[in-house]
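See structure below.
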Amino acid sequence: MQAAAMNKSKLETALTRLGELLRERRVAGEIAVFGGAAIVLGFDFRTATQDVDAMITQGHGQVVKAQEEVSAELGLPPNWLYEQGTSYLSRHGDFELSRTYPSEGQFGLRVLMATPRYLLARRLLSLRRHGHAGEDIVRLARRIGCATAESLLQLVKHYYPDEQILPEKVVEIRSIARQMNASGQP
């Protein structure tokens with residue numbers, strides 16, 4: 001059974017509550033968000049995600065404990081803050097401060113967000129064109145002005161220099177670029 005999708009409002013509520021719990025405990029937690037949640041929180045073209053792909057970079061044990069409490073309070077799946085995708089992060093990770101929850105201050109939750117370029121490189125590396133992934137690729141590429149197959153491939157190589165891009169993946173990336181350029185949309 002698949003978990004219910006979380007929209008931007010629900011994500012903000014969960015992160016705010018997580019920050020409140022950490023503030024009450026006088027803990028400074030920090031997470032780096034990537035994947036669908038970063039797109040939902042940072043852009044207007046994706047409305048929901050199943051979980052929050054994140055790497056806990058500060059206060060790990062306290063953040064995990066607090067996220068379990070938030071899960072119970074808000075009826076979220078127990079793994080809504082999902083760390084399993086961190087094995088696919090680039091060693092050249094590209095994150096920037098997005099927001100501090102519940103507000104600016106010493107304690108609470110700092111959220112770093114993957115940059116659009118890094119999000120796009122991750123999407124291209126995994127290259128799933130079904131569901132949101134295909135739309136995410138096109139919209140992120142347009143957002144950063146990366147419309148040629150060569151620029152898309154260079155972006156992947158920048159963040160994942162040791163990854164071999166298989167020929168069938170190159171064909172797919174070229175196809176995506178052709179489709180973007182043929183549609184004529186900004």
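Computed from backbone phi, the HN-Hα couplings of the range 26-37 come to 6, 10, 9, x, 8, 10, 10, 9, 9, x, x, 4 Hz, rounded to whole numbers (Karplus: 6.51 cos²θ - 1.76 cosθ + 1.60, θ = phi - 60°; Gly and Pro given as x). Listed by chain and number, the lysines placed with their C-alpha closer than 17 angstrom to that of residue 157 are 169; residues fewer than eight positions away on the same chain are left out. Each part gets one Cα centre, and for the range 96-116 versus the range 1-65 those centres are 10 Å apart. A cut-off of 5 Å between modelled amide H atoms, ignoring neighbours fewer than 5 places along the same chain, links residue 89 with no other residue. Relative to a virtual label point 7 Å from the Cα of residue 57 in the Cα→beta-carbon direction, which members of the range 1-43 show backbone nitrogen distances below 11 Å? Output list for this probe position: 30-34. For the pair residue 65 and residue 182, label points projected 7 Å from Cα toward Cβ lie 5.6 nm apart.
Considering only the other residues whose Cβ falls under 10 Å of the Cβ of residue 37, what net charge follows from Lys and Arg at +1 and Asp and Glu at -1? Write down the numbers at each step before the final one.
Numbers: positive: 8, 46; negative: 51, 53.
So the environment of residue 37 carries a net charge of 0.
Helix-only mean residue ellipticity at 222 nm, the chain, DSSP H runs n ≥ 4 weighted -39,500 (n - 2.57), per residue, nearest 500. What is it?
Working: 7 runs with 92 residues, N = 186.
My calculation for the chain gives -15500 deg cm²/dmol from helical runs alone.
In the range 58-119, a dipole from Cβ-located charges (positive for Lys and Arg, negative for Asp and Glu) runs towards its positive end, and of 102, 77, 113 it is 113 whose Cα lies farthest in that direction.
For the chain, list the DSSP H helices whose alpha carbon atoms reach 30 Å or more along the long axis and whose average Kyte-Doolittle value is -0.5 or above? List each step's numbers first, then the result.
Values: long enough: none.
Membrane-span-like by this criterion, though nothing is claimed about a membrane: none.
Rolling a 1.4 Å probe over the protein chains gives residue 45 an accessible area of about 20 Å². Amide H to amide H distances under 5 Å link residue 98 with 111, 112, 113, where only residues 5 or more positions off or on other chains count and H is placed in the peptide plane. What figure, in Å² to the nearest 10, do you get for the accessible area of residue 94 with a 1.4 Å probe and non-protein molecules left out? The accessible area of residue 94 comes to roughly 50 Å². Can you check what the net charge comes to around residue 106, using other residues whose Cβ is under 11 Å from the Cβ of residue 106 (Lys, Arg +1; Asp, Glu -1)? Surrounding charge for residue 106 is +2.
Between residue 84 and residue 7, the simple label model (points 7 Å from Cα in the Cβ direction) yields a spacing of 2.7 nm. For semi-axes √(5λ) of the Cα gyration tensor in Å, the value computed from the atomic coordinates appears in the list [x] 45, 22, 15; [y] 26, 20, 13; [z] 32, 16, 14 under label [z].
In debye, nearest 20: dipole of the chain around its Cα centre with unit charges on the Cβ of K, R (+) and D, E (-)?
Values: 23 positive and 21 negative charges, 88 e Å.
Roughly 420 debye for the chain.
Beta bridges from DSSP with both residues in the chain: antiparallel share about 60 percent, rounded to the nearest 5.
Counting heavy atoms of the protein chains alone, residue 55 has an accessible area of about 70 Å² for a 1.4 Å probe.
The values are calculated or read from the model by the stated rules, or taken from the named source; none is laboratory data. Computed from a predicted model, the values in this text were never measured in an experiment. Note that each Cβ is placed from the backbone with ideal geometry, even for glycine, and that neighbours are counted across all protein chains shown. These area figures cover heavy atoms from the full protein model, side chains too; ligands, DNA and RNA do not enter into them. Shrake-Rupley method; radii C 1.70, N 1.55, O 1.52, S 1.80 Å.
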